[in-house]
Structures are given as structure tokens and as C-alpha cells.
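Below is one structure, written out as C-alpha cells; comments come after it.
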Amino acid sequence: MSDIQKDKKPILLSGIQPSGHLALGNYVGAMRNWVQMQQDYLGIFMVVDMHAITVRQKPADLRNRCLSFAAQYLAAGIKPEENVIFIQSHVPQHAELAWVLNCYTYMGELNRMTQFKDKSKRHEDNINAGLYAYPALMAADILLYQTDLVPVGADQKQHLELTRDIANRFNNTYSPTFKLPEPFIPKAGARIMSLQDVDKKMSKSDSNENNYISLLDPPDVLRRKIKRAVTDSAREITSESLNRPGIGNLLSIYSVLNDMQPTEVVNRFEGQQYSGFKGELADSLVAFLEPFQQRYDKIMGDKGYLTGILDEGSMRARHMASKTISKVYRKLGFVPAGRS
Ligand code: TYM
């Protein structure tokens, strides 16, 4: 613990909601960058269970998914000794700061959030206040740790902008309290699209499992999903393919998995049939996910190891978060506990 506290590295923070199945979009848009950037930052990586309950979850599934997602962070290469990995609800300061920030967030701002509009359409029978206020909780997640950089996919950009607006508002009303976080949105893979519904983003909670690649899909399922992925009638890869829905998405997935520029991928496959390219893409996916899944199985086979990491992570997180929350309460004029 002391090593981490002495560490003066800037803070990198991100989180994923434990809903559905951790999908290739989450990996490419977010987790991959966490792994690549962890060397230069102190990484704070959360499983954000409190966000997940803005839509109904089955308790047993939610519990399993929290552990499974944390194990997948580790399997992806997040180093537990050098980062802070935890489950959001283990750190009560998130809810505490979220309440405060709710009071510094305008309804007009929340009304503009596209994720709220999308989710309200999808869950018409449960448009709850938590779903609406969700961006203030996300702002709390980030601002609690005086975060420098937040690596996310393109769909979270609006929430990051709001986080900065809320932080600025609080800082200007009182005095500098929160660091203004910068988003990190990757140039390639910031918005991986659904495999069947090619105009929609790939979502881990999609009800049609053919729309996404789960990081835990076995090889035969991976191959089948790629084979069935919707493309178009052109059949052959050309320089135009990158701009076409469907095939363009598959080419960008290939480019990220193989550390190539999208144009290099097009040059390599130009003139080839879609079916041949899909076969190679499936090979790349299997080559990447097989060792990932072996690491995952090993971690899940040792629950004590996993919960030990999460306990240690939440202890470190509570320590860091308590500094910010004390500062915020003092600035607000709350009477310090234990001295009244
Ligand atoms: P969530 O759980 O929807 O998604 C987790 C991360 O995956 C990225 N992502 C994608 N990237 C590329 N293509 C896609 N199709 C795709 N789908 C998802 C998301 O952009 C995200 O980075 N509100 C957040 C969770 C959150 C959070 C935070 C993130 C809560 N607190 C603090 C960062 C910092 C969310 O719902 O992500």
C-alpha cells in the first residue's frame, strides 16, 4: 500500500458496468488502453455495480458478474500490484460525493444526455431517478480520485464533458477542489459496431447474442459469429470498404487486434473475398481470446486470490477517496463529524 501512496504517477481511472457479457467493444474501446497505459499512470479500475442497478439486475447474476468482470480485467493484463482494482459499492464515498454533485448538476444538462435518452427508450417501464442522475455518479467516480485521464469509448464523451462542467462549477463556487480530468478516446476502435445491426454500437447487454463478441465466447462461437456478421453485397475488399458499415467495422477490429493501421489492413486484403478476410479475422480473435480465457479460468478458480485483490483495492480506494470527500464537506460548510 505504501508503495502506491508514495507513487507520484498521474491517475488513470475507468470503469465498466457489470451488465451482460464483457464484449469486444469494451475491450477495444477501453480495457486495451488501460493495459497499455498502466505503466505511466496509477490505474484505478472499477466494476461499477452501483451504475448497473439503474436497470433491473438479478442479484445472483450481478454478484457473479462483478467477480467475473474483475477477473477479466486481470486476464487482460491489468497488474494488481501496481493498480487499484475494486468494486464501486465497496467504497461508500462514491455515493456520498454523487449526492453532493447532484446538487451541482442541472436538470437541463441531464436532459441532454444521449445515454439517458437511449436507455429510457429501451426500459420504458423503469425510467428511474438513478438512470437520470447517473452522470453525477460517474462524475463522482472520477473526481473523487483527482483523476488526470479517463480512457473510454466514444459513447462516454458526453459524460466526461459534463464531469468537467460540474467540477468547474464546484471549483468556481468554492475554490479549486477537483482536478479537471481529460478524456482519452482511442483513434481506432472508439466505437465498435454491432455484428448484425451494423448501425448500432456493439453492446454487452444486447438481447441478441449474435450482435456482440463476448470475451468469453469459445472458439466455435467466435468463428460462427464472425461468419454470420452482416456485410453488404460488394463481396470483395476495396479501398472503399473502410467506409462501409459492416465490413468497415470488421476491418477496424482486425486492425486493432493486429496493431495495424486500418489502411494497412485494407492494402493487405484488397481484392480478397469477404469470406476469406472473415476467416482471418476469426483466427486473430481466437488467437487473442484463447490465452485470455485460460488466464481468466485460472483466476476464477482461485476466488480467494481474486477477492483478496478486490479487498486490498477497495481499502486503497477508500483511503484516497476519503481525502477528497473531507475536503468537499469542509468547503460546503458541513460540521466535521466527531467535533460537534
Ligand atoms: P459501459 O459499461 O457501457 O462500457 C464500458 C467501456 O466500454 C466502452 N464501450 C465501447 N467502446 C467501443 N465500442 C463499443 N461498442 C463500446 N461499448 C462500450 C465504453 O465507452 C466504456 O469506456 N458510464 C460508463 C461506466 C463508468 C465509468 C465511470 C467510465 C462509470 N463510472 C468512470 C469511466 C469513468 C459505462 O456505462 O460504460
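The values are calculated or read from the model by the stated rules, or taken from the named source; none is laboratory data. None of these values were measured; they are calculated from a predicted model. Ideal geometry is used to build each Cβ from the backbone, glycine not excepted, and the neighbour counts take in all protein chains shown. Accessible surface areas use protein heavy atoms only, side chains included; no ligands, DNA or RNA. Shrake-Rupley method; radii C 1.70, N 1.55, O 1.52, S 1.80 Å.
Would you confirm, using the coordinates I've provided, whether R295 is within 21 Å of A75 (Cβ to Cβ), basic (K, R) and touching a residue at least 40 places away in the same chain (Cβ under 8 Å)? For R295, the condition - within 21 Å of A75 (Cβ to Cβ), basic (K, R) and touching a residue at least 40 places away in the same chain (Cβ under 8 Å) - is met. Among all residues of the range 74-88, there is none that is within 24 Å of P135 (Cα to Cα), more than 17 Å from the chain's Cα centre (by Cα) and more than 14 Å from the ligand (Cβ to nearest atom).
Across the range 190-209, the number of residues qualifying as within 6 Å of the ligand (Cβ to nearest atom) and either over 22 Å from T54 (Cβ atoms) or open to solvent by 60 Å² or more (accessible area, probe 1.4 Å) (or both) comes to 4.
Among the residues of the range 264-295, those that are closer than 24 Å to A30 by Cβ and among the polar types (S, T, N, Q) comprise S284, Q293, Q294. Give me the residue from the range 210-244 that is assigned to a helix (DSSP H, G or I) and touching a residue at least 40 places away in the same chain (Cβ under 8 Å) and, out of that set, most open to solvent (accessible area, probe 1.4 Å). This residue is K227.
Among the residues of the range 135-150, is there at least one that is away from the ligand (no atom under 14 Å from the Cβ), surrounded by fewer than 23 Cβ atoms within 10 Å (Cβ to Cβ) and in the same structural domain as H51 (by TED's automatic domain parsing)? Checked against the condition, which is being away from the ligand (no atom under 14 Å from the Cβ), surrounded by fewer than 23 Cβ atoms within 10 Å (Cβ to Cβ) and in the same structural domain as H51 (by TED's automatic domain parsing), the range 135-150 yields no hits at all. Quick one: is Y106 among the hydroxyl-bearing types (S, T, Y), open to solvent by 40 Å² or more (accessible area, probe 1.4 Å), over 19 Å from the mean Cα position of the chain (by Cα) and under 30 Å from T177 (Cα atoms)? It is true that Y106 is among the hydroxyl-bearing types (S, T, Y), open to solvent by 40 Å² or more (accessible area, probe 1.4 Å), over 19 Å from the mean Cα position of the chain (by Cα) and under 30 Å from T177 (Cα atoms). Under the condition of being in a helix (DSSP H, G or I) and among the polar types (S, T, N, Q), the residues counted in the range 245-265 number 4. Inspection of the range 225-247 finds a residue satisfying the criterion of being within 16 Å of the ligand (Cβ to nearest atom), charged (D, E, K, R) and not assigned by TED's automatic domain parsing to the domain that holds Y145. Of the residues that make up the range 253-276, is at least one over 22 Å from the mean Cα position of the chain (by Cα), outside the structural domain of C66 (by TED's automatic domain parsing) and among the aromatic types (F, W, Y)? Looking for residues that are over 22 Å from the mean Cα position of the chain (by Cα), outside the structural domain of C66 (by TED's automatic domain parsing) and among the aromatic types (F, W, Y), one finds at least one in the range 253-276, hence yes. Test Y132 against the stated conditions and say whether it is open to solvent by 20 Å² or more (accessible area, probe 1.4 Å) and either away from the ligand (no atom under 13 Å from the Cβ) or not in a helix (DSSP H, G or I) (or both). The answer is yes for Y132.
Tallying residues that are more than 13 Å from the ligand (Cβ to nearest atom), in a helix (DSSP H, G or I) and under 28 Å from R330 (Cβ atoms) within the range 96-128 yields 7. Listed conditions (1) modelled with pLDDT of 95 or more; (2) assigned to a helix (DSSP H, G or I); (3) away from the ligand (no atom under 12 Å from the Cβ) are all met by H159, apart from (3).
Confirm whether F69 is of a type in the set (F, W, Y), crowded, with 19+ Cβ neighbours inside 10 Å and in contact with a Pro (Cβ under 8 Å, 6 or more places away or on another chain). For F69, the condition - of a type in the set (F, W, Y), crowded, with 19+ Cβ neighbours inside 10 Å and in contact with a Pro (Cβ under 8 Å, 6 or more places away or on another chain) - is met. Regarding P176, is this residue over 27 Å from A70 (Cα atoms), out of contact with any helix residue (DSSP H, G or I) (no Cβ under 8 Å at 6 or more places or on another chain) and within 16 Å of the ligand (Cβ to nearest atom)? When the stated conditions are applied, P176 does not pass them.
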